[in-house]
Every structure is written in C-alpha cells, then in structure tokens.
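Shown next, in structure tokens, is the structure this report addresses.
The values are calculated or read from the model by the stated rules, or taken from the named source; none is laboratory data. Note that the structure is a prediction, hence the values are computed from the model and not measured. In this analysis, Cβ positions are derived from the backbone assuming ideal geometry, glycine residues included, and neighbour counts consider all displayed protein chains.
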Amino acid sequence: MKVLFKKKDITTCLQHCVAVAEKKTTMPILGNILWTAKNKKTMLCATDLEITIQSEMKAVVEKEGQICVPAQHLMNIIKELPQDDVVVEADEQSWVKISSGKAQFKIAGISGEEFPKLAQEAEFQFQNIHRDTLLQAFEKTAYAICTDEMRYNLNGSLIETETTQSGKKIIKVVSTDGHRLAYYHVSLDTDETFNVDKGVIFPRKGIMELKKLIHESSNKEVQIAVQKGTAAILIDNIFLTMKLVVGEFPDYTAVIPKNNNKKLKLNRSHFTNSLRRVSLLSEGKSKCVKFGIHGKGVLLKANSPELGEAEEEIMGEFDGGELTIGFNAKYVMDVLSSVHSDQIVLELNHEQSPGVFRIPDDPSFFGVIMPMRI
C-alpha cells in the first residue's frame, strides 16, 4: 500500500478514530486503525466492537492495500510531522513507513485481515432527520445518561417516535441515571422521515461521538437507520454504527411528579453563576446545596466541616410561601447549561419531592432531580 495525502486532511479523521479505538482491551487489534486504500479512495476505520467509525479521506492512492496501525502512535506521529505533504507505505511484512520532508518513521503494523468484519452502508435502509433536531435532543438530555456500567439499560438515551392525534410525528429522547432525568421532544418536519416502531436505546459513547460529528458538519441533514439491533448514521464522508443498548428502559413517566404546583422563577444566568460560587464549599461528591426558597427568591447555602461555608441570595419569584430543600449542585448546573433561555422555572411540592426544571412557555423540555437530605 502507498498513499500520498495532506497532513490537514487526515487530522480530523484520526481524531474521530482514536476516540473510538479501544485503549484498554484484551484484544490488541482494537487499539488499531484499519487503513484501506482501494478504488482510488482511502478509508480509516476504528472499532471497539460496540461502536465503529469509518471515515473517507482525500488522498492519492499509488498502490492499493490495507494495514492496521496502532491508533495512538499514528496520531502522535502525524501531529509532529514537519510538513503538510505525507507519504504512508506498508510492505508485505506489515511494516508501515511514514515520511514527511526529511522526517521518517517506521512502525510495526498488523495485517488488515485480522481486523473485525465491518458493517457496510448497503446493509441499511436510511431515513433522514435534520441535524439540529438530533443535536438539540442530545444536548438537552445526554448529561443525565447513567455512567454506572452495572445499570446497563440506563447507559444510553431512549429514543421514541410517535404520531399525535393531530397527525404530527414527534421524536422523544429521555435519559436517566436514577437520580435525575432529562426529557426532550420535538415535532418532525414533513421532510424528516426518521421513524422507529418502538423505543430504542442509543449508547452513551455513540451519542457523544455523534454529537461531535454533527457539530463539525455543515450539512443540514443526517441519514440514519435503526435495524437489527444497530443504529447507523451517515454524515458527510463518515459512516458511524453503534450497537443499541439491550434491555428495558424504565417507565420514565412514573417518576415525573404530578403535583408540583409551587413555582420558583429565576434568571438562568444569575442562578448558574451564584450556584457555581456557592458550590465551591459544598461537601464531597454529594455537592449538596441548601435552597432556602421564599417569596422574593432563594438563599443558597453550602457548608463543609473541612472547607467552611458559603451563601448567596438570588432574587426571583416564588408562589409557594417558604420551602427548604437540598439538591446536588452539579446536577442542577447540568440542567442549566443544557438550555439557553433567559429564565428557568423550578417546580416543587414539598421538601422531599423531586424538583422539575422547565423553560417558561416551552413544554418540549424538562429535567427532574431527586432532592437530598439536609
């Protein structure tokens, strides 16, 4: 194999592949990138067996072939090359030579035949969805995905589509880790054909990679398919597949409070800044901050026997008399950073009831957070 390309053309491809390639594994091949040169095209691929990314790159193919190259070593070398023009050659003994200007590297590769078999685009029937539809859905909900691998059915976001009585099709995305929940829905336009017969769970790592790809893309549409336990996405020159999370997502409607009729309305920016300051002296991993809520706003308090104490008052509106409740400050700030409205509303019932964060006059989003003992 012999390929000529520009350093700037490979950098982004490599970043995506290195993020997916498995760093700690009993299968060394998964720490490699499969480099394929065929039919005048060059493709880089990485997989951890759950998520696979294939990225096409601009290059001149002088000799076809394929080789597996250690992902992180390749990335480190490419970053330090002195010139933009790069030549990569692989011989029959799987040695890989990388040349740029007067710099040359020779690293040990592995035969491309040892790389796991890859899914192909032709295996899927794609539908389309607007990039902003997906991006908004994941940005407003991904923060609440569970990271505890023992709770595997929560290690992703539930995605559902349904048709309303008025004939509109909507997409719902829900994430929860048992301590908090994030919900978002939006109506699909008539040219958005994405549909799932029943709810599916996209894995956390796959969602994070997809968010990166959407942010980098200028394309207004994303091609997406969900079939045979796999989600496949086409965006620009990148083909991403992810295995859906196997398991039953809990009935999220059961944990949404029905009687939270006391509402605290605050300026979101002021609330965020004050909470960040007060939480500097909150104790340990719990990050507990006491909310002393009254008619004219809320007094935030945090204290730690080892660090000290902090408090700050924020002006606002509350229609429920007085109420004192504790929340994990990080959980609250995650909600606040996921929305961009000027105002935020916290709905409450009593000191032990979950808090529901909403955007005024926007029913498409809400975040639920369980209270803490104070």
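At-a-glance table
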{"quantity": "Those residues of the stretch 170-204 which are among the basic types (Lys, Arg) and touching an Asp or Glu at 6+ places or on another chain (Cβ under 7 Å), in sequence order", "calculated": "Lys172"}
{"quantity": "Of all residues in the stretch 220-230 being surrounded by 14 or more Cβ atoms within 10 Å (Cβ to Cβ) and touching a helix residue (DSSP H, G or I) at 6+ places or on another chain (Cβ under 7 Å), the one that is farthest from Asp251 (Cα to Cα)", "calculated": "Glu221"}
{"quantity": "Among the residues listed as Ser274, Ser304, the single one being of a type in the set (Gly, Ala, Ser) and either touching a Phe, Trp or Tyr at 6+ places or on another chain (Cβ under 9 Å) or over 29 Å from Phe138 (Cβ atoms) (or both)", "calculated": "Ser304"}
{"quantity": "Members of the stretch 33-60 that are out of contact with any Cys (no Cβ under 8 Å at 6 or more places or on another chain), of a type in the set (A, V, I, L, M) and closer than 22 Å to Ile107 by Cα", "calculated": "Ala37, Met43, Ala59, Val60"}
{"quantity": "Ile170, sole failed condition from (1) in contact with a strand residue (DSSP E or B) (Cβ under 6 Å, 6 or more places away or on another chain); (2) in a loop (DSSP other than H, G, I, E, B); (3) over 30 Å from Ser55 (Cα atoms)", "calculated": "(2)"}
{"quantity": "Those residues of the stretch 73-118 which are crowded, with 17+ Cβ neighbours inside 10 Å, among the aliphatic types (A, V, I, L, M) and assigned to a strand (DSSP E or B), in sequence order", "calculated": "Val86, Val88, Ala90, Val96, Ile98, Ile110"}
{"quantity": "Residue within the stretch 162-176 that is acidic (Asp, Glu), within 17 Å of the chain's Cα centre (by Cα) and closer than 26 Å to Pro250 by Cβ present", "calculated": "no"}
{"quantity": "Residue tally, condition of a type in the set (Val, Ile, Thr) and either at pLDDT below 95 or over 21 Å from Asp236 (Cα atoms) (or both), over the stretch 25-59", "calculated": "4"}
{"quantity": "Residue match in the stretch 252-265 (condition: modelled with pLDDT of 95 or more, farther than 18 Å from Lys172 by Cβ and hydrophobic (A, V, I, L, M, F, W, C))", "calculated": "yes"}
{"quantity": "1 or more residues of a type in the set (Phe, Trp, Tyr): qualifying strands (runs of 3 or more DSSP E) within the stretch 236-347", "calculated": "238-243, 288-294, 308-318, 323-328"}
{"quantity": "Filter result for Val69 (over 26 Å from Ile233 (Cβ atoms), in contact (Cβ under 8 Å) with a residue 12 or more places away in the chain and in a strand (DSSP E or B))", "calculated": "no"}
{"quantity": "Meets criteria (among the hydroxyl-bearing types (Ser, Thr, Tyr), surrounded by 20 or more Cβ atoms within 10 Å (Cβ to Cβ) and over 14 Å from the mean Cα position of the chain (by Cα)) for Tyr152", "calculated": "no"}
{"quantity": "Where a residue in the stretch 86-105 is touching a residue at least 60 places away in the same chain (Cβ under 8 Å) and of a type in the set (D, E, K, R) and its partner, wherever it lies, is assigned to a strand (DSSP E or B) and exposed (fewer than 14 other Cβ atoms within 10 Å of the Cβ), with Cβ under 9 Å and at least six apart", "calculated": "Glu89/Glu62; Glu89/Lys63; Glu89/Trp95"}
